[in-house]
Amino acid sequence: MSKKVISLTFFFASFFLFLLPSPLTRAADVPVPESFFGFVPGSDRNLIDYEQLIAYLQKVDEASPRMKMVTIGKSPMGRPMYIAFFSSEENLNNLSHLQEINRKLALDATLSDAEQKQLIREGRVFVAATLSMHSDEVGPSQAAPLEAYELTTSNDPEKTAWLDKVVYMMVPCHNPDGMDLVVKNYRKYKGTKYEGASLPGVYHKYVGHDNNRDFVNLTQEDTRNIQRIFTQTWFPQVMVEKHQMGTTGPRYYVPPNSDPIAINIDANMWTWTGIFGQNLINDMTHAGLAGVSQHYAFDNYWPGSTETCIWQNVIAFLTECASARYATPIYVEPNELRVGGKGLSEYKKSINMPMPWEGGWWRLGDIVEYEQVSVRSIIKTAALYHDKILKFRNDLCKKEVELGETQPPYYYIMPREQHDVSELVGLVNLLREQGVNVYTLKKDVMLNDRLFHTGDLVVPLAQPFRAFIKEVMEKQEFPVRHYTPGGKIIKPYDITTWSLPLQRQIKTVTVTEPAPEVGASLVPLKETFTLLEQPLAPEVKTVILPVDYNESFKAAFLAAQNGMTVKRLQEDVVIDGKKYAAGSFVVSRSAKDKEGWDLLNKMLTFTPVSVSEGTTLSEGSFTIPRIALVETYYHDMDAGWTRYLFDTYHIPFKVLHPGDIPSADLSAYDMIIFPSSSKSALLGGTAGAGSYYMSYYAPEYTRGMGKDGLQKLMKWFEDGGKIISWGSSTALFEGKQTVSRKNGKTTTKENFTLPFHDISSSLAEKGLYVPGSLVRVQLNPGMPVSEGMLSSVGVFSRGRPVFATSLPPFDCDRRVMGNYPEENILMSGYAEHPELLGGKTAIVWIRKGKGQMILMGFNPQFRVSTPATFKLLFNAILMGQYTPQ
């Protein structure tokens, strides 16, 4: 038996001996995890699922006065989500009062010194921990039962003293749906040669690993459940997000982060994360846990790694532990250990990793041990700095309000008149959901020779969450930092743009001078914001929904799905002095349809215009095509986001996996949509490079469409099928294509090349670098994909692909529908040499035979965070047979 196995056996044995409860605690009958599950959580090849985890915690809740379970909502697949509170019995009995103290410290900038001191004396430090949001990072949730048992049974005076000062808020699993999917998949292959195989598909109803990328836009139910903890309900002072990382690097990461960091965050916030991080590396190293690192890999510039709550004045950070293969041990040879990039350039003893791990077996039990020690350290630090942490929370609240009163910007004003008012409504309600106070003007106000009208929306910066407001309302300017003076830049960990007004194309005015006339004219919004002045009346038979509004598309799809008649205007029409552009939707209900308007009234946030009987309109058809959405098994998040968008907008579709294309009846579909995925995954069934860490799949999930499938697809296309493709998947249609046709006993093959190619590699060689930024695209007039859109729009781009068209071969044609302008290309984020994009093609329409194809060099629905470009996709879906002029 190896020394590591002996040490782990000793660990599990000594753990329970050390925590053996006193007779008083034993009488409470807190179940021992091993007796409840039949194994010690963290032991080799054993995983508990979500229902088992919650069942255990509920038993502990029933047995122990040191724990209280509270529901916080449901997951996207309907599983209940919880917070498990751990503290002293007195604190848990006083939880409502402590919650109100948290609210006052977080939001009340008017507290006197005496009031603040009183609240600090009475208050407790609330530490929130969200476990295993990424469901293949199983360790934190698997450690939860052991942590619960320790916190509710240990009579160590030091630990019980911590719980007198601290309330530990454990979200046992941030992603219950993903946890069950991953555990079920692990159990399926356990004991076979494919034990530890990766889950085919995303570990979530929709978004998989992108769930922490949703904390600005809050599209997912589980994300919203978590965010309410910080902005609406509990207002904890500290938050830790528990993750895992690759297998062959450091064993653990703790703060401080690497550069770059968010400029809008107060300097003291970074020092507080450093205090927690330094205590973590000290306590974990003292406990003999090797390989703990800091200042490594993970920056805190983009609002994702801390659920945005660090912008809402919470001392927030993440930890990352090295992964095993779920519960299956992995042996790591010393020569396989490596680091690179931010903070560590060699896998050697250094100030950022003072005790390197030497290699060997790495087990789930190791991960569980690291998690337990880290949680103890965090609770201990919160208790040690109790008074200072609570004071810091209210001091920062006061400071942010004062900054909003004394430094620009002072206000963001969003005029009520917008190109897409439905997106204005969405933005206002999103800000309110994020804990931001939004106001309307109660009268007209003249400011710097510009007239703002009654009802315009105003967001003052003099608010506790000023840092968050500024972060999401301004355009992003990446804080360039270098490894050495004049050397390589420290590249961003993730994307570099998230400006809500720009990504929704909402006109926003930034007020940079004191404006007391604005402040004196504000009326707070207290209810959900809407521009629907009155519901559609039963006597109304027909309405027009403007093509400018995203919500009009949603209503049109919903109406058509529910039997109402939907048409589209073929030419502009003026009703009651307002113009409705060609492409707008004409929705009618029959006299028998009593529920039609009820459906629309529940979703509309603007008032559609009713059409009087006898009004003559030039109408065209509205046809929803039969759609196949191609989704690979390789954690295909872009396809998952597309599924979410389609479900939200009531667009029917069926999922088609690449490996099924050779045998599928493609005639069952009018349109096949390819979200961004690598050509290798689509064609050959290999995931390709660039994954978060190495993944392995059982062979039944590794089939691509192959050459035969591609030829079948291209024949379907040439015979009249429609294809929409964006991002990496467009490479599937580049280069030589082949279509085979049978004529009696004779088979003929036609080889051809579609008239486009990707030039992004050559641009990158010249210096183009776009790490996820908002860039401007000009939409060519008269093109069907741009109905309802302005002449230019910001698109989310990574600088690839970029198209160039060519003269078409026989029976082909092409038209550029959108291109990058020659100047002012970068709108938000970071780019090097964006001028290289000038004049290049971003959107191209291609015809071959009877088929049509729309290719986009960007993601039109990127993480469902770019509503300004949704209409490009919707219009492409609804596009009929286009005949170029």
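The values are calculated or read from the model by the stated rules, or taken from the named source; none is laboratory data. It should be emphasised that the depicted structure is a prediction, and the values quoted were computed from it without experimental measurement. Heads up, the Cβs are rebuilt from the backbone with ideal geometry, glycines too, and the neighbour counts pull from every protein chain shown. Quick note on the areas: whole protein, heavy atoms, side chains included, nothing else; ligands and nucleic acids left out. Shrake-Rupley method; radii C 1.70, N 1.55, O 1.52, S 1.80 Å.
Only residues that are in contact with a helix residue (DSSP H, G or I) (Cβ under 6 Å, 6 or more places away or on another chain) and in a helix (DSSP H, G or I): list them for region 600-636, please.
Selection gives Leu600 alone.
Scan region 759-778 for residues that are within 21 Å of Leu872 (Cα to Cα) and open to solvent by 50 Å² or more (accessible area, probe 1.4 Å) and jot them down. Even if it seems obvious, please write down each step before you answer.
Going residue by residue through region 759-778, those that are within 21 Å of Leu872 (Cα to Cα) are 772-778.
Result: Arg776, Gln778.
Go through region 201-255 and count every residue that is touching a helix residue (DSSP H, G or I) at 6+ places or on another chain (Cβ under 6 Å), charged (D, E, K, R) and assigned to a helix (DSSP H, G or I).
Within region 201-255, residues that are touching a helix residue (DSSP H, G or I) at 6+ places or on another chain (Cβ under 6 Å), charged (D, E, K, R) and assigned to a helix (DSSP H, G or I) number 3.
What helices (runs of 4 or more DSSP H), lying completely within region 360-445, carry at least 3 residues that are more than 25 Å from Gln463 (Cα to Cα) and either aromatic (Phe, Trp, Tyr) or more than 27 Å from the chain's Cα centre (by Cα) (or both)? Spell out how you get there, then give the answer.
Numbers: elements: 364-384, 386-406, 421-433.
So the answer is 364-384.
Of all residues being in a loop (DSSP other than H, G, I, E, B) and open to solvent by 30 Å² or more (accessible area, probe 1.4 Å) in region 29-48, which is nearest to Cys173 (Cα to Cα)? Just the residue, please.
Step one: of region 29-48, the residues in a loop (DSSP other than H, G, I, E, B) are 29-32, 38-48.
Subset that is open to solvent by 30 Å² or more (accessible area, probe 1.4 Å): 29, 32, 38-39, 44-46.
Details: Asp29: 24, Val32: 20, Gly38: 21, Phe39: 20, Asp44: 21, Arg45: 20, Asn46: 17 Å.
Among those residues, the one meeting the criterion is Asn46.
Sort out which residues of region 733-773 are touching a Leu at 6+ places or on another chain (Cβ under 8 Å) and small (Gly, Ala, Ser), and write them in order of number.
Ser760, Gly767, Ser773
Which number in (1) open to solvent by less than 10 Å² (accessible area, probe 1.4 Å); (2) farther than 26 Å from Lys348 by Cβ marks the one condition that Ser323 misses?
So the condition that Ser323 fails would be (2).
List pairs: first in region 803-823 and under 20 Å from Ser791 (Cβ atoms) and without any contact (Cβ under 8 Å) to a residue 12 or more places away in the chain, second of a type in the set (A, V, I, L, M, F, W, C) and open to solvent by less than 50 Å² (accessible area, probe 1.4 Å), Cβ under 9 Å, 6+ apart or cross-chain?
none
State all residues of region 856-885 that are outside any helix (DSSP H, G or I) and in contact with an Asp or Glu (Cβ under 7 Å, 6 or more places away or on another chain); if no residue qualifies, say none. Break it down into steps so the answer makes sense when it comes.
Just the residues of region 856-885 that are outside any helix (DSSP H, G or I), to begin with: 856-861, 865-866, 879-885.
Result: Asn859, Pro884.
Going by the structure shown, is Gly684 at pLDDT 95 or above and over 24 Å from the mean Cα position of the chain (by Cα)? Break it down stepwise before answering.
Details: at pLDDT 95 or above: no; over 24 Å from the mean Cα position of the chain (by Cα): yes.
No, not satisfied.
Is it true that some residue in region 128-139 is at positive phi and open to solvent by less than 50 Å² (accessible area, probe 1.4 Å)? Give the derivation first.
Filtering region 128-139 for residues at positive phi gives 132.
Those left that are additionally open to solvent by less than 50 Å² (accessible area, probe 1.4 Å): 132.
Yes, because at least one residue in region 128-139 is at positive phi and open to solvent by less than 50 Å² (accessible area, probe 1.4 Å).
I need the full set of residues from region 283-335 which are of a type outside the set (Ser, Thr, Tyr), in a strand (DSSP E or B) and over 30 Å from Trp234 (Cβ atoms), in order please. Before you say what the answer is, go through the steps one by one.
First pass over region 283-335, keeping only residues of a type outside the set (Ser, Thr, Tyr): 283-284, 286-292, 294-295, 297-300, 302-304, 307, 309-318, 320-322, 324-325, 327, 329-330, 332-335.
After this cut, where a residue has to be in a strand (DSSP E or B) as well, the list is 292, 299-300, 315-318, 320-322, 325, 330, 332.
If the condition is that a residue be of a type outside the set (Ser, Thr, Tyr), in a strand (DSSP E or B) and over 30 Å from Trp234 (Cβ atoms), then Ala322, Arg325, Ile330, Val332 are the ones that fit.
Among the numbered criteria (1) modelled with pLDDT under 95; (2) of a type outside the set (Asp, Glu); (3) surrounded by fewer than 21 Cβ atoms within 10 Å (Cβ to Cβ), which one does Gly659 miss?
(1)
Take the residues in region 520-530 that are among the hydroxyl-bearing types (Ser, Thr, Tyr) and farther than 20 Å from Val401 by Cβ, then tell me which one is most open to solvent (accessible area, probe 1.4 Å).
Thr528
If Gln52 passes every condition in (1) polar (S, T, N, Q); (2) modelled with pLDDT under 95; (3) within 22 Å of Lys205 (Cβ to Cβ) but one, which one does it miss?
(2)
Glu147 - would you say it is modelled with pLDDT of 95 or more and part of a loop (DSSP other than H, G, I, E, B)?
It is false that Glu147 is modelled with pLDDT of 95 or more and part of a loop (DSSP other than H, G, I, E, B).
In this structure, does Ser828 turn out to be under 26 Å from Pro303 (Cβ atoms) and small (Gly, Ala, Ser)?
Details: under 26 Å from Pro303 (Cβ atoms): yes; small (Gly, Ala, Ser): yes.
Yes.
Where residues in region 442-451 are in contact with a helix residue (DSSP H, G or I) (Cβ under 9 Å, 6 or more places away or on another chain) and within 25 Å of Glu402 (Cβ to Cβ), which of them is surrounded by the most Cβ atoms within 10 Å (Cβ to Cβ)?
Val445
Quick check on my filter: what residues within region 843-865 are open to solvent by 10 Å² or more (accessible area, probe 1.4 Å) and in contact with a Lys or Arg (Cβ under 7 Å, 6 or more places away or on another chain)?
Arg863 - this is the single residue of region 843-865 that is open to solvent by 10 Å² or more (accessible area, probe 1.4 Å) and in contact with a Lys or Arg (Cβ under 7 Å, 6 or more places away or on another chain).
What's the number of the only condition in (1) part of a loop (DSSP other than H, G, I, E, B); (2) open to solvent by less than 50 Å² (accessible area, probe 1.4 Å) that Pro781 fails to meet?
Only one criterion is unmet by Pro781, namely (2).
Could we say that Ala639 is within 17 Å of Leu873 (Cβ to Cβ), of a type outside the set (Asp, Glu), within 31 Å of the chain's Cα centre (by Cα) and in a strand (DSSP E or B) here?
no
Taking interchain pairs and intrachain pairs at least six residues apart, which have beta carbon atoms under 7 angstrom, with the first residue in region 434-459 and more than 15 Å from Met414 (Cβ to Cβ) and the second aliphatic (A, V, I, L, M) and assigned to a strand (DSSP E or B)?
Lys442/Val523; Asp444/Leu451
Within region 106-118, how many residues are open to solvent by less than 80 Å² (accessible area, probe 1.4 Å) and more than 29 Å from the chain's Cα centre (by Cα)?
We begin by selecting, within region 106-118, every residue open to solvent by less than 80 Å² (accessible area, probe 1.4 Å); these are 106-109, 111-112, 114, 116, 118.
If we keep only those that are more than 29 Å from the chain's Cα centre (by Cα) too, we end up with 108-109, 111-112, 114, 116, 118.
Selection size over region 106-118: 7.
It is to be established whether one or more residues within region 756-769 are assigned to a loop (DSSP other than H, G, I, E, B) and of a type in the set (Ser, Thr, Tyr). If you could, list the steps in order and put the result at the bottom.
Taking region 756-769 as the starting set, the residues that turn out to be assigned to a loop (DSSP other than H, G, I, E, B) are 759, 766-768.
After this cut, where a residue has to be of a type in the set (Ser, Thr, Tyr) as well, the list is none.
No, region 756-769 contains no residue that is assigned to a loop (DSSP other than H, G, I, E, B) and of a type in the set (Ser, Thr, Tyr).
Could you list, in sequence order, the residues of region 567-624 that are under 39 Å from the mean Cα position of the chain (by Cα), surrounded by fewer than 16 Cβ atoms within 10 Å (Cβ to Cβ) and among the basic types (Lys, Arg)?
Lys578, Lys579, Lys594, Lys602
Please go through region 57-77 and give me each residue that is of a type in the set (Val, Ile, Thr) and either open to solvent by less than 40 Å² (accessible area, probe 1.4 Å) or within 17 Å of Ala143 (Cα to Cα) (or both), ordered by number.
Matches in region 57-77: Val60, Val70, Ile72.
Would region 505-519 turn up any residue that is over 30 Å from Leu107 (Cβ atoms) and open to solvent by 10 Å² or more (accessible area, probe 1.4 Å)? Steps first, answer last, please.
Going through region 505-519, the residues over 30 Å from Leu107 (Cβ atoms) turn out to be 505.
Those left that are additionally open to solvent by 10 Å² or more (accessible area, probe 1.4 Å): 505.
Yes: one or more hits.
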